[in-house]
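Just below is one structure, and these are the notes that go with it.
What follows draws every value from the coordinates through simple rules; no lab data is involved. Just so it is clear, the structure is predicted and the values come from calculations on it, not from any experiment. All Cβ positions, even for glycine, are placed from backbone atoms using ideal geometry, and neighbour counts span all protein chains on display.
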Amino acid sequence: MSHVFPRVIGSAPPPVAMRGEGPYLIDQTGKRYLDASGGAAVSCLGHSHPAVVAAICDQVGRMPYAHTGAFTNEPMEALADTLIADAPAGLDWVWYVSGGSEGVEAAIKMARQYFLEIGQPQRKHFIARRQSYHGNTLGGLSAGGNFWRREPYDPILVPVMHHIAPCYAYRDQCDGESEEAYGLRVADELEAKILELGPDTVAAFMAEPVVGATAGALPAVPGYFKRIREICDRHGVLLIFDEVMCGMGRTGTLYACEQEGVTPDLLIMAKGLGAGYQPIGAVLVADKVFAAFRDGSGYFQHGHTYMGHATACAGALAVQRVIKEEGLLQRVRDLGAHLESGLNERFGNHHHVGDIRGRGLFWAIELVEDRATKAVFDPGLKLHAKIKSAAFERGLMCYPMGGTIDGRNGDHVILAPPYNIDEATIDTIIDLLGDSVEDGLSAVS
Ligand SMILES: Cc1ncc(COP(=O)(O)O)c(C=O)c1O
């Protein structure tokens, strides 16, 4: 009997993952699973890249870990150099963490302390968006806007987190309204919320440039984030981008915000940074924020045991080198176009697929009961879960989720395959997904 506290108690024990081979995971029976979502958009180089494995083995053999309270280490410095060299101008400093939620917590606390450093202690409110996901720690969950995830913990969530609408054109753009007008209308909700709370009491606005798990690879319409940046600047509010899922090349540029032409003050990354080879995250920090700490207390009152972990940094550094040496950002763009057209071919006229959306190698289909009315399936049917188990049965790992619209209603399936996959394997993913969607639909009809 297993002594592991499982994710779902009482369900059949999951297979044992024994080996990774490129985009495949292999279980104890030898069954192969084509990993089309990298778990939750993590394994961006597949599961067995020799250069990353070698870098980790080398580092762990020489010096696995040294506490950053006493030492710096070479991979930590080199990784910071490369992340900043490739970051949008203005982001100059790296704060290390071990995962996405830790990054979100650090960003929230850094924003708060920034305002203490510059003599604006009244700034305590944070604004984020409904249907966002910012992690499962209490700060991250408070920032996140997914009703289902928040509900059990509501009484203990942080009360200074507020939410505005997401930018979700498929659902919320009005008839006769242009994309641009829609984007400005929802961005302006930020200004209304800031004015309601009192402009000098708001510390930061947090958003995923491309929403991941909760809304399904959902990019904003053009112009939306430019307007958001203007509003933040007008009211002295920091802009935090959570690129934990959509960053590190996933959308075809190293940083997702490059495609918006907008630079945040704090940028959180994880997942693709270590690509699953190591647990690591980071917050990129604008020079103006760093300067406030440097010229103020000189100390960010925060930190974790494993920050700047040498082996984790060595793994992430190797991932960054592979992305460059193998020209993978261009590959994400090219393969992304192939994936997009394959999805359109297979699902473009499907009666139960309402929207196909995404960027780079980050795509989702949104399922509907009726394409014309956009009516959703009864959430009690758990269509997303049916598709997930049908796909798993067929040896495909994708990332289906329910509650797409409001935390309760709606179903989507995310694909986030590795950057070094090939076109033929993408075609296989689309075939397997198509069959799994049909299996799921038959199970609910
Ligand atoms: C956008 C976003 N932020 C934060 C997190 C939390 O990251 P972690 O699960 O590594 O704590 C996630 C995880 O899915 C995420 O997608």
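For a paramagnetic label modelled at 7 Å from the Cα of THR137 toward its Cβ, which residues of segment 108-126 fall within the zone defined by backbone nitrogen distances under 12 Å?
From segment 108-126, the list is 108-110.
Can you give the FRET efficiency to the nearest 0.05 for GLU180 and VAL158, using r as the Cβ-Cβ distance and R₀ = 35 Å? Could the numbers behind the result be given before it?
Values: r = 34 Å, r/R0 = 0.97.
The formula returns an efficiency of 0.55 here.
In whole Å, what are the Cα extents of segment 53-325 along the three principal axes, biggest one first?
That works out to 61, 40, 39 Å along the principal axes.
Name the residues whose placed amide hydrogens come within less than 5 Å of the amide hydrogen of ILE164, ignoring near sequence neighbours (fewer than 5 apart) on the same chain.
Under 5 Å from the amide H of ILE164 lie the amide H atoms of ALA128, ARG129, ARG130, each far enough along the sequence or on another chain.
Want the number for GLU196 to ALA70: 0.36 nm per residue separation, take away the alpha-carbon distance, what's left?
40.8 nm
Calculate I(q)/I(0) for segment 171-310 by the Debye formula, one identical point scatterer on each C-alpha and no solvent, and give its log10 at q = 0.13, 0.15, 0.20 Å⁻¹ to two decimals.
Computed log10 I(q)/I(0) values: -0.67, -0.87, -1.31.
Once fully extended, how much extra length lies between ALA85 and MET1, figured as 0.36 nm per residue of separation less the alpha-carbon to alpha-carbon distance?
Values: separation 84, 0.36 × 84 = 30.24 nm, distance 4.97 nm.
Length difference between fully extended and current span is 25.3 nm.
What FRET efficiency comes out for the pair GLU21/GLN122, r = Cβ-Cβ distance, R0 = 51 Å, nearest 0.05?
Once rounded, the FRET efficiency stands at 0.40.
Any chance you could get the radius of gyration and Dmax over the Cα atoms of segment 1-89, in Å?
Every Cα atom of segment 1-89 included, Rg and Dmax give 18.1, 54 Å.
Please compute, over every Cα-Cα pair in segment 187-265, the percentage with a separation greater than 23 angstrom.
Working: 625 of 3081 pairs.
Tail of P(r) above 23 Å: 20 percent of Cα pairs.
Cα convex hull of segment 62-139: mean projected area in nm², to one decimal?
One quarter of the hull surface, i.e. the mean projection, equals 7.7 nm².
Distance between the C-alpha centers of segment 215-245 and segment 1-71? Whole Å please.
32 Å
Taking amide hydrogens as modeled 1.01 Å from N in the peptide plane, which residues meet the under 5 Å criterion relative to ALA87, leaving out close sequence neighbours?
Residues meeting the amide H criterion: none.
Please get the size of the charge dipole for the chain, origin at its Cα centre, with Cβ charges of +1 on Lys and Arg and -1 on Asp and Glu, quoted in debye to the nearest 20.
That gives the chain a dipole magnitude of about 920 debye.
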